[in-house]
1. Is it the case that some residue within segment 268-287 is in contact (Cβ under 8 Å) with a residue 12 or more places away in the chain, farther than 22 Å from residue 122 by Cα and crowded, with 19+ Cβ neighbours inside 10 Å?
2. Only one of these conditions is not met by residue 121: (1) in the same structural domain as residue 207 (by TED's automatic domain parsing); (2) out of contact with any helix residue (DSSP H, G or I) (no Cβ under 8 Å at 6 or more places or on another chain); (3) part of a loop (DSSP other than H, G, I, E, B); (4) exposed (fewer than 14 other Cβ atoms within 10 Å of the Cβ). Which number is it?
3. From the list 107, 163, which one is more than 15 Å from the chain's Cα centre (by Cα), within 23 Å of residue 206 (Cα to Cα) and assigned by TED's automatic domain parsing to the domain that holds residue 222?
4. Determine, yes or no, whether residue 51 is part of a helix (DSSP H, G or I) and either touching a residue at least 60 places away in the same chain (Cβ under 8 Å) or buried (at least 17 other Cβ atoms within 10 Å of the Cβ) (or both).
5. Being part of a loop (DSSP other than H, G, I, E, B) and at pLDDT 95 or above narrows it down to one residue among 194, 272; which is it?
6. Which numbered condition trips up residue 290, out of (1) touching a residue at least 40 places away in the same chain (Cβ under 8 Å); (2) in a loop (DSSP other than H, G, I, E, B); (3) more than 16 Å from the chain's Cα centre (by Cα)?
7. Does residue 116 satisfy the criteria of being in contact (Cβ under 8 Å) with a residue 60 or more places away in the chain, under 20 Å from residue 285 (Cα atoms) and buried (at least 23 other Cβ atoms within 10 Å of the Cβ)?
8. Give me a count of the residues in segment 163-191 that are at pLDDT 95 or above and in a loop (DSSP other than H, G, I, E, B).
């Protein structure tokens, strides 16, 4: 069966940790018994071993009775104490008015999204009545699996428990109102996260993954993490110098620039739009957008 804990999810309504396993071409869900959270599986080798045993026993007992992934409702895979984000981490993606061909910055551009932004993978994002220019940013998110405080660059990857996907939804008009971005980044629900955490051992090289975004059937972003300025290892190392990264904390690693055609023809998100972030080796996160009141 190989590693049965590649994709870890959290089920609603009781925040039950579970694993997603493919059986005869169908993704099925195995609840992990008394294990309280995905973070516990990542952080504790004994817990992970017990979870693996639970999945194997369940599969041996008959996988056809397991619920399909499409039949369950997912919560966010982890509830981070900190949601940290990077801006302008892909070459070619630069702030307004800055030449994208200039030298790389010495340090990452770091900001935070508040807890109210976190959105489950199947939940729509409500476009606020006051929003003027809502946009999407498809990103790979690091999930901390081992407490990190002032870790060296050499050992930083050892503190990553897995990877997931985040859509850093932003209102550009509110973002540009001030030098700090919080007002444009922190509307309720502006951080869809998931659908699962892929364990770190499944990603051979986080600097060799293709990130794509599809908006209403059109690929608008396509760029490899090989073009990032700051690697996953450096990001964990750098952030841990000032703050202790706890298990389950999430670091979103920045978005590539839109492809030229879509950058030149920018169109704010509107009710009824759908955005899929697709990352090689991790999966897909699809978010739909609705109006205030929940109608498309």
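1. Scanning segment 268-287 turns up no residue that is in contact (Cβ under 8 Å) with a residue 12 or more places away in the chain, farther than 22 Å from residue 122 by Cα and crowded, with 19+ Cβ neighbours inside 10 Å.
2. For residue 121, the failing item is (4).
3. On the way: 163 fails: more than 15 Å from the chain's Cα centre (by Cα).
None of the others qualify; the one that does is 107.
4. In short, yes.
5. Exactly one residue qualifies, and that residue is 272.
6. (2)
7. Details: in contact (Cβ under 8 Å) with a residue 60 or more places away in the chain: yes; under 20 Å from residue 285 (Cα atoms): yes; buried (at least 23 other Cβ atoms within 10 Å of the Cβ): no.
Criteria not met by residue 116.
8. 7
The values are calculated or read from the model by the stated rules, or taken from the named source; none is laboratory data. What you see is a predicted model, and the numbers here were worked out from it, not measured in a lab. Ideal geometry is used to build each Cβ from the backbone, glycine not excepted, and the neighbour counts take in all protein chains shown.
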